[in-house]
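K.L.:
Quick one: this structure, given as structure tokens, is what I'll be asking you about.
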Amino acid sequence: MSRLIRYEPLVSPIDNLFNEFFRAGYPTPQREEVAPIRFDVRETPEGYTVAAELPGVKKEDIQVEIEGNEVTLSAETKRETTAREDDKWLRSERHFGKVARRFALPQEVDETKAVARFDNGVLELTLPKKAAVTGRKLSIQ
């Protein structure tokens, strides 16, 4: 049995076109896609600076974990609404729930000196590089 899957780039756009045409006037269910955490990483001689976009997230709902050279960002957005029970949603595109992103850096991070700041929906991490461990020579007896 072949494990190859045929790539048909026009199937999805055409399906969407027909679905929208036949459902005119009715709200269409949207696929649940989790928005990824988007971030930039900059390296300096001293360490790394990470700027991650987390719009709509509260500071207390963000977690940062550092293990060696791997960094894990996780956050949770909660739906806070004043909708009544008899309200009907016509469209809901905002994501509510948990998101996480893990990435590796070229060199280990000194987690004891790492700093995290959150302002205006942007998490900024300052991650100093761990001092390189120098090997020691053993004398042979």
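K.L.:
Using label points projected 7 Å from each Cα along Cα→Cβ, tell me how many nm separate Lys137 and Thr82, to one decimal.
P.N.:
Result for the modelled spin labels: 7.5 nm.
K.L.:
Filter the GluC sites (Glu not before Pro) in the range 60-134 to those in DSSP coil with at most 10 other Cβ atoms within 10 Å of their Cβ, and list the result. Before the final figure, lay out each step's value.
P.N.:
Values: sites: Glu60, Glu65, Glu67, Glu70, Glu76, Glu80, Glu85, Glu93, Glu108, Glu111, Glu124; in loops: Glu80, Glu85, Glu93, Glu108, Glu111.
Answer by residue number: Glu80, Glu85, Glu93.
K.L.:
Can you tell me the length gained on complete extension of the stretch Ser92 to Glu65, counting 0.36 nm per residue apart and subtracting the Cα distance?
P.N.:
Roughly 6.6 nm would be gained on extension.
K.L.:
Still on this model: Measure out, as a whole number of angstrom, how far apart the alpha-carbon centroids of the range 115-139 and the range 42-111 sit.
P.N.:
If you average the Cα positions of each part, the centres end up 20 Å apart.
Throughout, read-outs are computed from the coordinates displayed, never taken from laboratory work. Computed from a prediction, not measured in an experiment: that's the story for all the values here. Neighbour counts are summed over all protein chains in view; Cβ atoms, including those assigned to glycine, are modelled from backbone coordinates with ideal geometry.
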